Amino acid sequence: MSRFSIHFEQNGSVSSIHMTSRFLGVPLFKVYAFYVDGLLIDTGFTNCHRGFLQVCDELPDLHTVVNTHHHEDHTGNNHWITQTYGILPLAHPKANDYMKAPSRWIRFYRRFVWGIPPASKMAPIASEVRTNHHHFLVIPTPGHSEDHLCLYEPNEGWLFSGDLFLDEEVRLLERMKMSMPFSIL
């Protein structure tokens, strides 16, 4: 039984790669990567690297990879992307330190759900990323992680972000759950 599933979806000029971790066939967590005009945003989790690379093999003109932050569900296939396509992912300068030795900071449950990515290198991202048809502004958005960033394409009105803010433990939802007459979790 597979520990993950991958689904590719085309929405106009933006493609999304949906990756779902599974346990005993039950879906656990979804992660998304996006592709537009030669740019891949995030690389998903390492437990699905073979399937992820099969999807990437079908992407036309893949030339740039950007990581929204260092977490293993967004950078897990960086090593394989560099090894297979010769592309060094771009990220916030602080992300590179985390990716030198991911096994030192990944918590147990996250190791189980997404795996431990091989060490990888990243290049520091500039204030903008250009593709043949688009111009993305890089917006630092620390909160979820200190190295979190978003990509904004003003002509299209697109904003690509890695994750919404979540604390190490979801305290807000726990407090809300206790005060709500219905379950939200």
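Data for the structure
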{"quantity": "Subset of the stretch 36-50 (residues that are modelled with pLDDT under 95 and over 15 Å from the mean Cα position of the chain (by Cα))", "calculated": "Arg50"}
{"quantity": "Residue that is in contact with a helix residue (DSSP H, G or I) (Cβ under 9 Å, 6 or more places away or on another chain) and small (Gly, Ala, Ser), where the choices are Ser161, Ser103, Ser127", "calculated": "Ser103"}
{"quantity": "Single match in Val65, Val26 (criterion: free of Cβ contacts under 8 Å to residues at least 12 places away in the same chain, out of contact with any Phe, Trp or Tyr (no Cβ under 8 Å at 6 or more places or on another chain) and not acidic (Asp, Glu))", "calculated": "Val26"}
{"quantity": "Answer from Gly38, Gly25, Gly76, Gly86 - the residue that is at negative phi and among the small types (Gly, Ala, Ser)", "calculated": "Gly76"}
{"quantity": "The stretch 69-83 residues that are surrounded by fewer than 24 Cβ atoms within 10 Å (Cβ to Cβ), paired with ones that are at pLDDT below 95 and part of a loop (DSSP other than H, G, I, E, B) (beta carbon under 6 Å, 6 or more apart)", "calculated": "His79/Pro118; His79/Ser120"}
{"quantity": "Lone qualifier among Ile81, Ile87 - being in a helix (DSSP H, G or I), over 18 Å from Leu151 (Cα atoms) and of a type in the set (Val, Ile, Thr)", "calculated": "Ile81"}
{"quantity": "Filter result for Asn96 (within 22 Å of His144 (Cβ to Cβ) and without any contact (Cβ under 8 Å) to a residue 40 or more places away in the chain)", "calculated": "yes"}
{"quantity": "Residue match in the stretch 50-58 (condition: touching a helix residue (DSSP H, G or I) at 6+ places or on another chain (Cβ under 9 Å), part of a loop (DSSP other than H, G, I, E, B) and among the aromatic types (Phe, Trp, Tyr))", "calculated": "no"}
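The values are calculated or read from the model by the stated rules, or taken from the named source; none is laboratory data. As the structure is a computational prediction, the values presented were derived from the model and not from experiment. Quick reminder, even Gly has a Cβ in these numbers, built from the backbone with ideal geometry, and neighbours come from all protein chains shown.
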